[in-house]
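Take a look at the structure set out below.
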Amino acid sequence: MKTPRQIEFDAQTLTLHWNDGPAQRITSRALRLACPCAECRRLRLDGRALVVPSDIAILEIRPAGYGMQLVFSDKHERGIFPWVYVVGLPGPAPELHLPNGPRARCSNASAASSER
């Protein structure tokens, strides 16, 4: 089973360091929108959008053997995120560098994480 060797998070970003590749960064918002719990899955299957605040944050990570349980600032903590599921989630979009202008970020880019 693939498991991360190190996990870091801050309010905006979860960073997973895998043994067999580069670090994976996922925003708190992307994780909350991808919650695999039954309630969130049912909403997505019914074609309804999850209502997630733009400033959603990860407050706590609880080990769950084959994955992790995340506690979010909206008090949602039902989903267990299996490692095999998390590894398939998209990370933030890469930063764009304009040749003679200011730096720009794609809409999904996030701040760097720090170890907690």
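Read-outs throughout are calculated quantities, based only on the coordinates presented, and are distinct from any laboratory measurement. On a predicted model such as this, the values are computed, not experimentally measured, just so you know. All Cβ positions, glycine included, derive from the backbone under ideal geometry; neighbour counts span all protein chains shown.
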Worksheet item: When a footprinting reagent is the concern and you count Cβ atoms within 10 Å, what order do Met68, Met1 take, fewest first?
Response: Met1, Met68
Worksheet entry | Proximal charge balance of Pro53 [Cβ under 15 Å; K/R count +1, D/E count -1] | +1
Worksheet item: Taking the alpha-carbon centroid of each part, what is the distance from segment 33-67 to segment 1-29 in angstrom?
Response: 17
Worksheet, complete the sentence: Cα pairs beyond 17 Å in segment 18-59, in percent, come to 44
Worksheet item: Put +1 on the Cβ of every Lys and Arg and -1 on every Asp and Glu Cβ in segment 6-92; which of Gly88, Ile7, Val51 then has its Cα farthest towards the positive end of the dipole?
Response: Val51
Worksheet item: So what is the relative contact order of segment 6-92, in percent, for Cα pairs below 8 Å that sit 6 or more residues apart?
Response: 26
Fill in: Which of Asp20, Asp55, Asp74 has the fewest Cβ neighbours within 10 Å, and the rest in rising order
Asp20, Asp55, Asp74
Response to the item:
With a ≥ b ≥ c from the Cα gyration tensor eigenvalues, square-rooted, and the rule rounded for a/c under 1.5, otherwise prolate when a/b > b/c and oblate otherwise, segment 6-92 is prolate
